[in-house]
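Chemist: Could you have a look at this structure, given as structure tokens, before my questions?
The values are calculated or read from the model by the stated rules, or taken from the named source; none is laboratory data. Here the structure is a predicted model, which means the values were calculated and not measured. Because the Cβ atoms are built from the backbone with ideal geometry, glycine has one as well, and the counts that use them run over all protein chains shown.
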Amino acid sequence: MHKAALREQLLLKRLAMPEAEWRDKSQGLVHQILAWMKGQSFDHYVLYRSFRREPSLEALAAILPSDATYYPRIQGKAMNFYATDGSFETNRFGLEEPPIDPSQELRDVSPRTLLIIPGVAYDLQCFRLGYGGGFFDRFLAQSQLTTLGVCFETFLIDALPHEAHDQPVQTVITEKRALTRSS
């Protein structure tokens, strides 16, 4: 199945998820992230605001140090990351983003930066099906950091179509398990 058709089919399925189920699965996913993080230390955490029933990371954001937590903001074809005092703006796609504040921009991305990336779906090789804009792929192609993909177990599938520019993440976490990419 072509990416666009698969994306549409999976988004409809995710959007049909009842709110109570979405909240329960999001909570389970945050517990899995915390278990995976145990014994690891990061200087920066890049989260996201849930969009179209992506797993919610609000419970995780509440316990991470706010001065080390950042959110993505699309600027042209690039993506930058900013800390926020809790205020967000809605962009042209409907995504909540932090306001632009150069003093709050994350500039020193390193392997000690944890980037948590939502996906419409992931596969067993840790490739992601996103919304098709390529923002995360472009960023990952030029960055060295720790990547964690998140989706609900229902959206972890055997194999996704992927192209040369698609960037896999290092680990995928669902509400049931963590899957690390083999080299």
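Chemist: Farther than 17 Å from R107 by Cα and over 14 Å from the mean Cα position of the chain (by Cα), is that true of Q32?
Modeler: Taking the combined requirement at face value, the residue satisfies it.
Chemist: Could you list all residues from segment 145-163 that are farther than 12 Å from G119 by Cα and either under 14 Å from the mean Cα position of the chain (by Cα) or at pLDDT below 90 (or both)?
Modeler: Correct list: L145, T146, T147, P161, H162, E163.
Chemist: Here's something else I'd like to know. Being touching a Leu at 6+ places or on another chain (Cβ under 8 Å) and farther than 17 Å from L145 by Cβ is the requirement here; does I74 meet it?
Modeler: yes
Chemist: Ok, one more. Looking only at segment 96-105, decide whether some residue is surrounded by 12 or more Cβ atoms within 10 Å (Cβ to Cβ), farther than 24 Å from I173 by Cα, touching a helix residue (DSSP H, G or I) at 6+ places or on another chain (Cβ under 9 Å) and modelled with pLDDT of 95 or more.
Modeler: For segment 96-105, residues surrounded by 12 or more Cβ atoms within 10 Å (Cβ to Cβ), farther than 24 Å from I173 by Cα, touching a helix residue (DSSP H, G or I) at 6+ places or on another chain (Cβ under 9 Å) and modelled with pLDDT of 95 or more: present.
Chemist: Oh, and also: Could you list, in sequence order, all residues of segment 134-178 that are surrounded by 16 or more Cβ atoms within 10 Å (Cβ to Cβ), within 13 Å of L29 (Cβ to Cβ) and not polar (S, T, N, Q)?
Modeler: Within segment 134-178, L148, G149, V150, C151, F152, F155, L156, V172, I173, E175 meet the criteria.
Chemist: Across segment 38-59, what is the total count of residues that are surrounded by fewer than 16 Cβ atoms within 10 Å (Cβ to Cβ) and outside any loop (DSSP other than H, G, I, E, B)?
Modeler: Number of matching residues: 2.
Chemist: Mind checking which residues of segment 102-128 are charged (D, E, K, R) and under 14 Å from L179 (Cα atoms)?
Modeler: Within segment 102-128, D123, R128 qualify.
Chemist: Among the residues of segment 1-21, are any closer than 21 Å to T171 by Cα, at pLDDT below 95 and not in a helix (DSSP H, G or I)?
Modeler: No, there is no match, as no residue in segment 1-21 is closer than 21 Å to T171 by Cα, at pLDDT below 95 and not in a helix (DSSP H, G or I).
Chemist: Now for a separate question. Can Y122 be described as under 14 Å from the mean Cα position of the chain (by Cα) and part of a strand (DSSP E or B)?
Modeler: Yes, satisfied.
Chemist: Tally up the residues in segment 75-92 that are over 16 Å from R138 (Cβ atoms) and either part of a loop (DSSP other than H, G, I, E, B) or in contact with a helix residue (DSSP H, G or I) (Cβ under 9 Å, 6 or more places away or on another chain) (or both), please.
Modeler: 9
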